[in-house]
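The values are calculated or read from the model by the stated rules, or taken from the named source; none is laboratory data. Every value quoted in this text rests on a predicted model; they were computed, and no experiment measured them. Positions of Cβ are backbone-derived with ideal geometry, glycine not excepted, and every protein chain shown enters the neighbour counts. Ligands, DNA and RNA are stripped out before the accessible areas are found, and what is left, the full protein with its side chains, is counted by its heavy atoms. Shrake-Rupley method; radii C 1.70, N 1.55, O 1.52, S 1.80 Å.
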Amino acid sequence: MSIEVIRDLRGLHSSIARHRHGPLNTAASLAIVPTMGAIHEAHEALVVEAKRNANIVLATIFVNPMQFGENEDLDKYPKSELEDIKRLESKGCDIVYIPENETIYPEDFDLTINVPKLSSVLCGKERKNHFQGVATVVAKLLLQSGADYAIFGEKDYQQLLIIKSLVRDLDIPCQIVPINTVRDSNGLALSSRNQYLNTKQINIANNINMIMNEAAKNFYNLDINETISFVLKKLEKVGIKKIDYVEIRNNNNLKNVTNNDKSNARLFIAVYIDEIRLIDNIKL
Ligand code: AMP
């Protein structure tokens, strides 16, 4: 059966109802894969994981204005709708929901969801309202779809923790399923923004994962500050001039990790290669 493309809420509800009560006439389970489009292999891996968990897979494509800051790349965000739909379909996605702005944020929309502690560090420090935008749109998509499962990537680890937290606190009956970061053969984490990188910039970006792996290997031989200096020095050495952050934080709550208890530690990195911002993280 070919993929169904839906653009409005009523259409979404009837499509899901039809799929849930399909030929077997038993209520089938639904997994949602929220994306901003520009579908690549990592999004495809999310769809594959969704299929492992549920009978019906719903992908969403929505470039959420609420999570972009004033000087960020909202208008320039890559768009490739037809290609995206084909790729999702080829992985067995049943429905793709591509809502208009007004379907998500109608005229009188007046809500923001804030997960303040988890949102105040790392990517939330400089990008003040970014995670409010993410939390609000994800809550809307989960509630609009009534999905039983939602699949997210560890590439955006802070986002994953924020979503887990909001689902828990709002008692949304949806299980959050993470997948590992998908990387290319050089270890570079896949990202829609990688297509902005030229060859020279890719060669620089390829070092990020190597440096993180080295840090992970030496983590128990060095103290926390030594590991951070090691990573900073290496990043600078390979030509990364602007570093947003290099931090080691707890895997579950993003609190600082101390030398006395180095369990559940994760290394988080955000850098700019020229004007292109890349993030990555690794369990230590
Ligand atoms: P995006 O379209 O970039 O907003 O991402 C949509 C989903 O894909 C999110 O759950 C991301 O965490 C996930 N994702 C993006 N890149 C990767 C990657 N390289 N590995 C795993 N998940 C990813």
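Worth pointing out:
- No other residue among Ile243, Ile228, Ile269, Ile276 is at pLDDT below 95, within 28 Å of Val115 (Cα to Cα) and in contact with a helix residue (DSSP H, G or I) (Cβ under 9 Å, 6 or more places away or on another chain) apart from Ile276.
- In the set Arg7, Arg18, Arg52, only one residue is basic (Lys, Arg), more than 21 Å from Thr103 (Cβ to Cβ) and either outside the structural domain of Leu142 (by TED's automatic domain parsing) or surrounded by fewer than 16 Cβ atoms within 10 Å (Cβ to Cβ) (or both); that residue is Arg52.
- Here Pro78 does not fit the description of being assigned to a strand (DSSP E or B) and either in contact with a helix residue (DSSP H, G or I) (Cβ under 9 Å, 6 or more places away or on another chain) or over 23 Å from Ile172 (Cα atoms) (or both).
- Count of residues meeting criterion [surrounded by fewer than 20 Cβ atoms within 10 Å (Cβ to Cβ) and touching a residue at least 24 places away in the same chain (Cβ under 8 Å)] in region 23-35: 2
- Options Leu122, Leu118, Leu82: the member that is among the aliphatic types (A, V, I, L, M) and open to solvent by 40 Å² or more (accessible area, probe 1.4 Å): Leu82
- Of the residues Leu190, Leu160, the single one that is surrounded by 14 or more Cβ atoms within 10 Å (Cβ to Cβ), in contact (Cβ under 8 Å) with a residue 40 or more places away in the chain and within 16 Å of the ligand (Cβ to nearest atom) is Leu190.
- Members of region 142-151 found to be open to solvent by 10 Å² or more (accessible area, probe 1.4 Å) and either closer than 23 Å to Asn180 by Cβ or within 11 Å of the ligand (Cβ to nearest atom) (or both), listed by number: Asp148, Tyr149
- Within region 166-193, being part of a helix (DSSP H, G or I), modelled with pLDDT of 95 or more and either in contact with a Gly (Cβ under 6 Å, 6 or more places away or on another chain) or more than 18 Å from Ile32 (Cβ to Cβ) (or both) holds for one residue alone: Asp169.
- When region 56-69 is filtered for residues that are more than 22 Å from Asp8 (Cα to Cα) and of a type outside the set (Phe, Trp, Tyr), only Gly69 remains.
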